[in-house]
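Encoded as structure tokens, the structure appears first; notes follow it.
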Amino acid sequence: MRIIITDSYEEMGMEAANIVAGQIYLKPNSVLGLATGSTPVSMYQRLAAVHKTVGLDFSEVTTFNLDEYIGMSPENPQSYHYFMQENFFKHININQDNVFIPDGMAEDMIEEGERYERLIEAKGGIDLQVLGIGQNAHIGFNEPDIKFAATTHKVALDDETIQANSRFFASVKDVPRYAISMGIKTIMMAEHVILLANGKNKAEAVYKAVCGDVTPEAPASILQLHRDVVVIVDKEAASRLPAAIRGIHIVKK
Ligand code: F6R
């Protein structure tokens, strides 16, 4: 693991955008794995700005999102389909045929999971996966569990996740209880991974991901076993990391 600690949320997004842009310059037809939520927004804004100012070209890029709420149609403003269009896709020159997000309206979630996995495989696998992290150390919607779920699957959201995500809804009652999410194996198969986190409320989860035991009770801890992960966190999210790591860019193996 390499760790980059930034002074601010904006800088975190900038560091992440640099890695994503580098990936696209090197391989214009890259396959990106993408996350929703508050964390990656500054990265998306930066990438859109780089597209606008220096023409970073997304025309050959393919994207696979991590997850979607079950029962939410793409037109629903709270769906992750909608989020991605609003926060990223409508600001860049991506070909909509190359955009993939699990279908939260599918009738059979087992079939949908299998279809999604086949699509990723058909596109040659994910080159670069962008991840946020939940306060309970989930990645995608892989919640703490007694085992790591492998492939794209239906998940019941934890109470902590429902509470955390209620900020996007009128009330906690409106937060969907189920989602469909890439599995841990899907994520671990990506060539490169970047994990982003900002804010004090992510400090404990970041600590578990970087320094804790590798356990399905802290799903992000599995990333310690991936060969190429860059953790990009602002100083609040880094505040629980050992002093030897804090304040220094790029340290831990
Ligand atoms: C979103 C996702 C989740 C979020 C995590 C953090 O697609 O897969 O794992 O990355 O819940 O969410 P925010 O960034 O809103 O704190």
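A compact table of results
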read-out	value
Those lysines that a straight Cα-Cα span of less than 30 Å connects to K52, excepting residues fewer than 8 apart in one chain	K27, K90, K123, K235
Relative contact order of the chain, pairs being alpha-carbon contacts under 8 Å that are 6 or more residues apart, as %	26 percent
Principal axis dimensions, largest first and in whole angstrom, of the chain by Cα	50, 44, 35
Computed over the range 178-253: relative contact order in percent, which uses C-alpha pairs under 8 Å that are six or more apart	35 percent
Value at 222 nm in deg cm²/dmol, rounded to 500, when DSSP H runs of n ≥ 4 in the chain each add -39,500 (n - 2.57)	-9000 deg cm²/dmol
For q = 0.16, 0.19, 0.25, 0.28 Å⁻¹, Debye-computed log10 I/I(0) when each Cα of the range 58-117 counts as one equal scatterer	-0.51, -0.70, -1.06, -1.20
Cut-off 17 Å (backbone N to label point 7 Å along Cα→Cβ of N201), residues of the range 34-72	36-42
Listed residues F88, H51, G33: farthest to the positive end of the dipole of the range 28-177 (Cβ charges)	H51
Three-way shape label, the range 96-136, alpha-carbon gyration tensor, a/c 1.5	oblate
Cut-off 16 Å (backbone N to label point 7 Å along Cα→Cβ of E10), residues of the range 24-57	41-50
Cα gyration tensor shape of the range 19-73, rounded if a/c is under 1.5, else prolate or oblate by comparing a/b with b/c	prolate
Distance between modelled label sites at A170 and T53, nm, 7 Å Cα→Cβ extension	4.1 nm
Dipole moment magnitude, nearest 20 debye, the range 27-233 about Cα centre, only Lys, Arg, Asp, Glu C-beta charged	680 debye
Within the range 131-228, trypsin sites (Lys or Arg not before Pro) in DSSP loop having at most 10 other beta-carbon neighbours inside 10 Å	K147, R227
For the range 73-182, convex hull volume per residue from C-alpha positions, Å³	127 Å³
Neighbourhood charge, 14 Å Cβ-Cβ cut-off, centred on V99 and excluding it, Lys, Arg +1 and Asp, Glu -1	-3
The range 1-131 shape via C-alpha gyration tensor axes, a/c threshold 1.5	prolate
Sum of side-chain charges, R118 neighbourhood, beta-carbon under 13 Å (Lys, Arg +1; Asp, Glu -1)	-3
GluC sites (Glu not before Pro) lying in DSSP loop within the range 84-193, provided at most 11 other Cβ fall within 10 Å	E107
Under the span-like rule (Cα at least 20 Å along the axis, Kyte-Doolittle mean at least 0.0), DSSP H helices of the chain	9-26
Cα→Cβ-extended label distance, 7 Å offset, between R115 and D228, nm	3.1 nm
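Taken together, the values in this text are just the output of simple stated rules run on the coordinates, not laboratory data. All values reported here derive from a predicted model rather than from experimental measurement. Quick reminder, even Gly has a Cβ in these numbers, built from the backbone with ideal geometry, and neighbours come from all protein chains shown.
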